[in-house]
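Visitor: Take a look at the following structure, please.
The values are calculated or read from the model by the stated rules, or taken from the named source; none is laboratory data. This structure is a prediction, so every number in the text was calculated from the model and none was measured. No Cβ is skipped: glycine too gets one built from the backbone with ideal geometry, and neighbour counts run over all protein chains shown. We work out accessible area using only protein heavy atoms, side chains counted, and drop any ligands, DNA or RNA first. Shrake-Rupley method; radii C 1.70, N 1.55, O 1.52, S 1.80 Å.
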Amino acid sequence: MATLLPESFTQRMQAQLGNEFEAFQQSLSDAAVSSVRINTTKFSGSVNDNQVPWSKTGFYLEERPFYTLDPFLHAGVYYVQEASSMFLEQAFQQLSNEPVKVLDLCGAPGGKSTHIASLLPENSLLVSNEVIRSRAVILSENLKKWGNPSVVVTNNDPKDFASFKGFFDVIVVDAPCSGEGLFRRDENAITEWSPENTQHCAQRQQRILADVWPALKPGGILIYSTCTYNPGENEENLKWLNEFADVENISLPVKAEWGVTETEAAGLSGYRFYPHKTKGEGFFMAVVRKLDGETARIPRKIKGTAFTTASRNEKALIENWLSSDEMELLNLNGTLLSFPGRYTAELTWLQQSLRIVHAGIKTGELKKKEVLPAHELALSPILNRGKFPEIELSLDEAIRFLHRDDIRPEAKERGWHLLTYRDVPLGWAKNLGNRFNSNYPKEWRIRMDITEYLAGKLDEEKAKFPIR
Ligand SMILES: C[S@@+](CC[C@H](N)C(=O)[O-])C[C@H]1O[C@@H](n2cnc3c(N)ncnc32)[C@H](O)[C@@H]1O
């Protein structure tokens, strides 16, 4: 961290931390911690012995690898996520095993959403939202790579959810904030910081909470988090919430050796992560239960839906493509989607007033009398492995495939092949005899110049990848 800390930030932190301030200030000069979280539907082992204590699937790395060159990143085998944020897992551990409908309101780029997708009790639904269009596209990409079919990505303002009164069992508000907790890894967070901005953020957070509050059902859980230290955006907002609504505290089990700082405001518990005490960046989280309000009644018959159930013929075209019989096949203007059958009424209802970026797993594109397998299907565990011939790629070939270069692996059969790297699917390519055609999404391709890596430097990088 080369940029000087703003004077008024330093003064406030001195008052806030007392004799811990020096250790805190010192920790801001240490290198930021690198960590990843594993997608257990794609990899079941352990990365190393250095687990993030509050997450079963989080691991610290000794050094930051060149992630772009690791096919496993592109295949959604892991997500690069700051360790403190993985504390969200402790809140989800409080849920029973009953299915839940979860809204992640401020979702992009997808750290919390991919984590939630892994933590959901069976048969649950995740609606992951992001208000900024370009960021919603990134959120959608990351969730497609993660592969969970029980996900809907939306691009809406928080107030658009008010019409879904009492619909969600859990709402996560990982609010836009002044980002003091990111000072160590992001110099812009320092230059953009001002006391006025922290106040502006606090007011915006209250607006966001007030706008989305009706969508939480009575007895439902709100998880509120920021990556900042000032009480205005944290404990003061808990006090505000306590006055605004009828809420009950939910406390989380925290082990002393984690170094988490427990705070309290208006009887509500907050959990603070300071980098001089916890191995991670700055973070704040609180969990409350809503005590009053309405429960949703989902209309079962809605006219004018964009999603129609696929015909018997269309279903026959993808026979045996899926490993799950829980999926309903939907047709959206010639695109076939697999979506959990138990939630199609909910999807139809959501689609009435929200901008849906994607829903479920795009399974294929109808072309005359055949279906072209969709890239997202390759990345989802709902794909029936064994239906398509597979080709295992070397690291070089995998990187060239992800760069959208021509590859010519050995294949006996013509037609669509599932390409894998270390047995994890990366995408599709069609063997035309003299060449392969790939439908790897252009927008997702590796954009950097890979020449020097293919000429020998790739192995050096491989030695630093999280899963070796
Ligand atoms: C802290 S980030 C979310 C990070 C994300 N939860 C994750 O774990 O990857 C906050 C998000 O809120 C979005 N945002 C900004 N203004 C907002 C508003 N007024 N209402 C809702 N979300 C907003 C930002 O675009 C940003 O993506």
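Visitor: Might you let me know whether the stretch 399-419 holds any residue that is under 25 Å from E63 (Cα atoms), aliphatic (A, V, I, L, M) and open to solvent by less than 20 Å² (accessible area, probe 1.4 Å)?
Guide: yes
Visitor: I'm checking my understanding of the structure. Among residues of the stretch 76-110 that are of a type in the set (G, A, S) and open to solvent by 10 Å² or more (accessible area, probe 1.4 Å), which one is farthest from the ligand (Cβ to nearest atom)?
Guide: S96
Visitor: Related question: Quickly run through the stretch 198-207 and pick out the residues that are open to solvent by 20 Å² or more (accessible area, probe 1.4 Å), within 13 Å of the ligand (Cβ to nearest atom) and not basic (K, R).
Guide: Within the stretch 198-207, H200, Q203, Q206 qualify.
Visitor: Within the set of pairs 6+ apart or on separate chains, which have a first residue in the stretch 215-236 that is under 18 Å from A91 (Cα atoms) and within 16 Å of the ligand (Cβ to nearest atom), a second that is part of a helix (DSSP H, G or I) and open to solvent by 10 Å² or more (accessible area, probe 1.4 Å), and C-beta atoms under 6 Å apart?
Guide: C227/L182
Visitor: Give the stretch 130-177 a look and list any residue that's away from the ligand (no atom under 11 Å from the Cβ) and either assigned to a loop (DSSP other than H, G, I, E, B) or touching a Cys at 6+ places or on another chain (Cβ under 9 Å) (or both), or say none.
Guide: G147, N148, P149, S150, A162, S163, F164, K165, G166, F167
Visitor: If you don't mind, there's one more thing I want to ask. From the list G267, G219, which residue is modelled with pLDDT of 95 or more and under 28 Å from the mean Cα position of the chain (by Cα)? Lay out the reasoning, then the answer.
Guide: Working: G267 fails: under 28 Å from the mean Cα position of the chain (by Cα).
So the residue among G267, G219 that is modelled with pLDDT of 95 or more and under 28 Å from the mean Cα position of the chain (by Cα) is G219.
Visitor: Just to be sure, is R185 outside any strand (DSSP E or B), more than 30 Å from S34 (Cβ to Cβ) and within 24 Å of the chain's Cα centre (by Cα)?
Guide: For R185, the condition - outside any strand (DSSP E or B), more than 30 Å from S34 (Cβ to Cβ) and within 24 Å of the chain's Cα centre (by Cα) - is not met.
Visitor: Would the stretch 346-356 turn up any residue that is among the aliphatic types (A, V, I, L, M) and surrounded by fewer than 14 Cβ atoms within 10 Å (Cβ to Cβ)?
Guide: Within the stretch 346-356, the first condition is being among the aliphatic types (A, V, I, L, M), and the residues that meet it are 347, 350, 354, 356.
Among the residues that remain, those that are also surrounded by fewer than 14 Cβ atoms within 10 Å (Cβ to Cβ) are: none.
No, because not a single residue in the stretch 346-356 is among the aliphatic types (A, V, I, L, M) and surrounded by fewer than 14 Cβ atoms within 10 Å (Cβ to Cβ).
Visitor: How do the strands (runs of 3 or more DSSP E) wholly within the stretch 205-298 filter down when requiring 2 or more residues that are of a type in the set (A, V, I, L, M): which remain?
Guide: 216-226, 283-290
Visitor: Identify, from the list K255, K290, K301, the residue that is open to solvent by less than 30 Å² (accessible area, probe 1.4 Å) and among the basic types (K, R).
Guide: Values: K255 fails: open to solvent by less than 30 Å² (accessible area, probe 1.4 Å); K301 fails: open to solvent by less than 30 Å² (accessible area, probe 1.4 Å).
Residue meeting the stated conditions: K290.
Visitor: Condition test on S118, is it more than 8 Å from the ligand (Cβ to nearest atom) and not aliphatic (A, V, I, L, M)?
Guide: Numbers: more than 8 Å from the ligand (Cβ to nearest atom): yes; not aliphatic (A, V, I, L, M): yes.
Spelling it out, S118 is indeed more than 8 Å from the ligand (Cβ to nearest atom) and not aliphatic (A, V, I, L, M).
Visitor: Out of K145, K56, K159, report the one residue that is modelled with pLDDT of 95 or more, charged (D, E, K, R) and surrounded by 19 or more Cβ atoms within 10 Å (Cβ to Cβ). Spell out how you get there, then give the answer.
Guide: Details: K56 fails: surrounded by 19 or more Cβ atoms within 10 Å (Cβ to Cβ); K159 fails: surrounded by 19 or more Cβ atoms within 10 Å (Cβ to Cβ).
One residue alone meets the criteria, K145.
Visitor: Sticking with this one: I'd like the full set of residues that are exposed (fewer than 10 other Cβ atoms within 10 Å of the Cβ) and without any contact (Cβ under 8 Å) to a residue 40 or more places away in the chain, limited to the stretch 436-467.
Guide: Residues satisfying the conditions are K442, D449, T451, E452, A455, G456, A463.
Visitor: Shifting gears a bit: Examine the stretch 186-196 for a residue that is touching a strand residue (DSSP E or B) at 6+ places or on another chain (Cβ under 8 Å) and either farther than 14 Å from D104 by Cα or open to solvent by less than 20 Å² (accessible area, probe 1.4 Å) (or both), and state whether such a residue exists.
Guide: No; the residues of the stretch 186-196 include none that is touching a strand residue (DSSP E or B) at 6+ places or on another chain (Cβ under 8 Å) and either farther than 14 Å from D104 by Cα or open to solvent by less than 20 Å² (accessible area, probe 1.4 Å) (or both).
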